[in-house]
Amino acid sequence: MISVQEAVQEIVKVSPFIQESLSRGIINLSAFAREIHPEVEAIVKKEIKVGAIIVALKRYAIELRRNNVGKINFLKQIGDLTVRSNLTEFTFAFPTTDVLLAKQNELLTRIKDEKDTFCTVSQGVLETTIIVSKNVEGTVREIFEDEKLISNFGNLSSITIKLPKDTVDTPGAYYTILALLAWEGINVVEVVSTYTELTVIFRDEDVDKAFSTLKRAFRT
């Protein structure tokens, strides 16, 4: 039989924003308990009092705050932020891997002598996204002119975040960073990562707010 505590946690866990609000103590427990009361009763299959749900929420909030200590320690380990502007994103559909690899190699060969040029390629199952500095946008269009263009965004900027090496073993590491942006209503266009770097792509109008948000969180 599922307990009230387990039912409450099951409901809260499906909403990261509710979890975050609960851990920060900025949610009205009584109002939220009344809202989820029918759902909790359906899960535990019996009638329960709203007060029991409030108690369960308080206990879960304590657990979440305890877990937040690890998140705070992780944020303190994050290194430099690097901002780039004048970026363009292309997404193409590719019929074969051979075509993709050949054109990727041609692109990298042609831009290798371009100073301070940003270029990242992300290959999916059916499409590939290429993000480059605006100064080589024409080169990308020329090389991939015969391929199906799915989307193209200009006026983009990026923030590259230097991560600690143990990020790969830190549950919720990326969520912790992206949640900071979501809470501020900052839209993320794309995310690209390597072993110790996370690059987040924004529209130009969002990058200043994003930088301020991340810098403030990392130095807290």
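Just check the chain against the gyration tensor rule for me: Cα atoms, a ≥ b ≥ c as the square roots of the eigenvalues, rounded for a/c under 1.5, and otherwise prolate or oblate depending on whether a/b exceeds b/c.
Taking the square roots of the gyration eigenvalues as a ≥ b ≥ c, the chain is prolate.
With a cut-off of at most 14 other beta carbons within 10 Å, and DSSP calling the residue loop, which GluC sites (Glu not before Pro) in the stretch 61-152 qualify? Please list them.
114, 145
Can you give the calculated 222 nm mean residue ellipticity of the chain, where each DSSP H run of n ≥ 4 adds -39,500 (n - 2.57) and the sum is split over every residue, rounded to the nearest 500 deg cm²/dmol?
Mean residue ellipticity at 222 nm (helix-derived): -16000 deg cm²/dmol.
Taking θ as phi - 60°, what are the ³J(HN,Hα) couplings along the stretch 14-22 by the Karplus curve (6.51, -1.76, 1.60), each to the nearest whole Hz, with x for Gly and Pro?
Taking θ as phi minus 60°, the curve returns 7, 10, x, 5, 5, 4, 5, 5, 5 Hz for the stretch 14-22.
Roughly how big is the stretch 81-218's charge dipole about its Cα centre, with Cβ charges of +1 (Lys, Arg) and -1 (Asp, Glu), in debye to the nearest 20?
The calculated dipole for the stretch 81-218 is roughly 400 debye.
Report the charge-dipole magnitude of the stretch 1-113 in Debye, nearest 20, computed about the Cα centre from +1 at each Lys and Arg Cβ and -1 at each Asp and Glu Cβ.
Result for the stretch 1-113 is approximately 480 debye, rounded to the nearest 20.
Between 165, 46, 76, find the one with the highest GNM mean-square fluctuation for the chain; connect C-alpha pairs within less than 10 Å.
Looking only at 165, 46, 76, the biggest GNM fluctuation is shown by 46.
Just to confirm the filter: which GluC sites (Glu not before Pro) across the stretch 22-60 are DSSP coil and have at most 15 other Cβ within 10 angstrom of their Cβ?
47
The stretch 152-220: percent of C-alpha pairs farther apart than 16 Å?
So the portion of pairs separated by more than 16 Å is 46 percent.
Let me confirm the definition first: pairs of Lys residues in the stretch 81-218, 8 or more apart or on different chains, C-alpha distance under 24 Å. How many are there?
Count of close lysine pairs: 14.
Every number here is computed from the coordinates shown, using simple stated rules; none is lab data. From a predicted model like this one, the values you see are computed outputs, not experimental measurements. With ideal geometry, Cβ positions are generated from the backbone for all residues, glycine too; neighbour counts draw on all protein chains shown.
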